[in-house]
Amino acid sequence: MFTRSPFPNRNFVIGFLLTLISSLFLLVNSFVIGRIPFFLMLNTDLGKTGDIFFYYWTNLGDGAVWVLVAILFWFFRRKQFPLLLAAIIFSTLIAQGAKRFLFPEELRPTAAITDLGSIHTVAGVELHSSHSFPSGHTTTAFTIFLLGCLLIRNRWFIPVGFICALLVGYSRIYLAQHFPGDVGGGMMAALLTLLVSIAIQQQWEKRKTAQ
């Protein structure tokens, strides 16, 4: 399945391109418009319904969601378990490594913006102040989306999965936890994660075939 091409199926190619284009849109506009003005454009108050929705939806990008994904892989995609393990490990290493070592001084919105009254925040959300780039929740959400594109052949998964992952990314802006560029960086981290993980799965399958 994985040995013929680094892009195993059409769903993955489409998902990869959607993620890449979205990431570039956020990163370029963060540079052109400015990361603070761009953030304030997107950090819009959508009322009580929006607050409740994004307060809970953002949890789909939490690291704990990997437990559910691992269970599904174990029952339905056990042969691709090395792919999953690589995705978990490298998405964490890339996102957290960038936060801690490459961009340790990147401030979160509530620490970087002096006029806190211009920022929409949600009650009950613990706001962080540092290690802003990239968004780890976005990295996780888009890594899972791309894994789904790789392994699920049904076309419906592309729009559904993309919207779900995109809403996780937007939730980080809505909850004032990240700048749009951080979300774009998380998407890029997911793309890199999948390229590395696919290569590892390919090598695993080659070794199994050679035995």
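Here, each number is a calculation from the coordinates, and none is a lab measurement. Given the structure is predicted, the values throughout are model-derived calculations rather than measurements. Positions of Cβ are backbone-derived with ideal geometry, glycine not excepted, and every protein chain shown enters the neighbour counts.
Students often get this wrong, so try it: which of (i) 63, 35, 27; (ii) 46, 36, 29; (iii) 60, 44, 36 is Cα extents along the principal axes in Å as calculated from the structure shown? Computing Cα extents along the principal axes in Å and matching it to (i) 63, 35, 27; (ii) 46, 36, 29; (iii) 60, 44, 36 gives (i). Given R0 = 22 Å, the distance between the Cβ atoms of THR49 and ALA123 translates into a calculated FRET efficiency of 0.95. Projected label points at VAL67 and LEU85, each 7 Å from Cα along the beta carbon direction, are separated by 2.0 nanometres. Our estimate of slack between SER130 and ILE21, defined as 0.36 nm per intervening residue step minus the Cα-Cα distance, is 36.6 nm.
Between helix 157-174 and the chain, what is the angle of the helix's C-alpha long axis to the longest principal axis, kept within 0 to 90° and rounded to the nearest 10? Tilt relative to the chain: about 30 degrees. Inter-label distance, ILE14 to ASP115: 4.3 nm, where each label sits 7 Å from its Cα along the C-beta direction.
Backbone geometry of region 133-148 corresponds, through the Karplus equation with coefficients 6.51, -1.76 and 1.60 at θ = phi - 60°, to 3J(HN,Hα) couplings of 10, x, 7, x, 4, 5, 4, 5, 4, 7, 5, 5, 4, 5, 4, x Hz, x marking Gly and Pro. Between GLN96 and TYR56, the FRET efficiency estimated from the beta carbon spacing at R0 = 30 angstrom works out to 0.80.
Across region 199-210, computed HN-Hα scalar couplings (Karplus, 6.51 cos²θ - 1.76 cosθ + 1.60, θ = phi - 60°) run 4, 5, 4, 4, 5, 4, 5, 5, 5, 5, 5, 6 Hz from first to last residue, x flagging Gly and Pro.
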